[in-house]
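Peer 1: Please find one structure pasted underneath; my questions will follow.
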Amino acid sequence: MALDRGSPLALTVLALLRSRPLHAYGMQRLLKQWGKDQVVNVGQRAGLYRTIERLAEAGLVRVRETGRDQQYPERTVYELTDAGRERLDVWLDDMLSRPKQEFPQFPAALSNAMLLPPGVLADALERRAAAVEQTLAELESSLSAEQDLPRITMLESEYLREVTAAEARWLRAVIADLREGRIQWSHEQLEAVSSARE
């Protein structure tokens, strides 16, 4: 099985195994300890196991050993193969250098926002803005608490902080425009626009 494109989780598994052999639980624990769960979904260990299986089938990782400790269930330790090292470098370069068209939920919901009355839309965006601002505060706190770490280890947190700050500013501007009547629409207006495009 060839994996031509890596997922963020597959990339991260290969990156972890580049430093040393690990079992799945150890990978999940390290990702959470290092705060990498902000950018890689490791909440469900089943997803991590599926990713490891796919990487093993593709020959990018292999079982180093299977051990059993009396306190824990059997644990399989994985290591990176030479092909995995090469693929990691290719995926990392590709993900860093080429923007990818992604389809997150929020832009899809925004594309249908005209179905709501302006006040209802503003209320929904208010709740989102509050959540985004809470996330921003947490990112700021995390970054200031870890100033002793090399900056390279915090680049993803810096990026998330900047993107989150931009979203918070944009949300507040749109909410103000909705509340002050600068963004308005009617069913008739939308129908006219739709007819003109057909």
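Peer 1: Please list the helices of the chain that count as membrane-span-like by this rule: a mean Kyte-Doolittle hydropathy of at least 0.5 together with Cα atoms stretching 27 Å or more along the helix axis, each helix being a complete DSSP H run. Spell out each step's value before the answer.
Peer 2: Details: long enough: 118-145 (40 Å, 0.17); 155-179 (36 Å, -0.08).
Flagged H segments: there are none.
Peer 1: Sticking with this one: Below 8 Å between Cα atoms, with a sequence gap of 6+, how large is the relative contact order for the range 80-198 in percent? Display every interim value, and only then the final one.
Peer 2: Working: 38 pairs, mean separation 37.4, N = 119.
So the answer I get is 31 percent.
Peer 1: Please arrange Ile175, Ile152, Ile52, Ile183 by counting, for each residue, the other beta carbons lying within 10 Å of its beta carbon, fewest first. Could the numbers behind the result be given before it?
Peer 2: On the way: Ile175 19, Ile152 6, Ile52 23, Ile183 16.
Fewest-to-most Cβ neighbours within 10 Å comes out as Ile152, Ile183, Ile175, Ile52.
Peer 1: Read through the labelled values (1) 66, 36, 32; (2) 67, 45, 34; (3) 51, 39, 28 and report the label of the one computed as Cα extents along the principal axes in Å from the structure.
Peer 2: (2)
Peer 1: What length, rounded to one decimal in nm, is gained on full extension from Ala166 through to Glu133, with 0.36 nm per residue of separation minus their alpha-carbon distance? Spell out each step's value before the answer.
Peer 2: Values: separation 33, 0.36 × 33 = 11.88 nm, distance 1.05 nm.
Result: 10.8 nm gained on full extension.
Peer 1: Let me ask something additional. Could you identify which residue out of Leu80, Leu110, Leu16 has the top mean-square fluctuation in a GNM of the chain using Cα springs shorter than 10 Å?
Peer 2: Judging by the Gaussian network model, the answer is Leu110.
Peer 1: So, with +1 on the Cβ of K and R and -1 on the Cβ of D and E, and no other charges, what is the size of the charge dipole of the chain about its Cα centre, to the nearest 20 debye? Mind dumping the intermediate values first?
Peer 2: On the way: 26 positive and 30 negative charges, 112 e Å.
That gives the chain a dipole magnitude of about 540 debye.
Computed from the coordinates by the stated procedures, all read-outs in this text should not be read as laboratory data. Fair warning: this is a prediction, and the values are worked out from it, not measured in the lab. Using ideal geometry, Cβ is built from the backbone for each residue, glycine included, and neighbour counts are taken over all protein chains shown.
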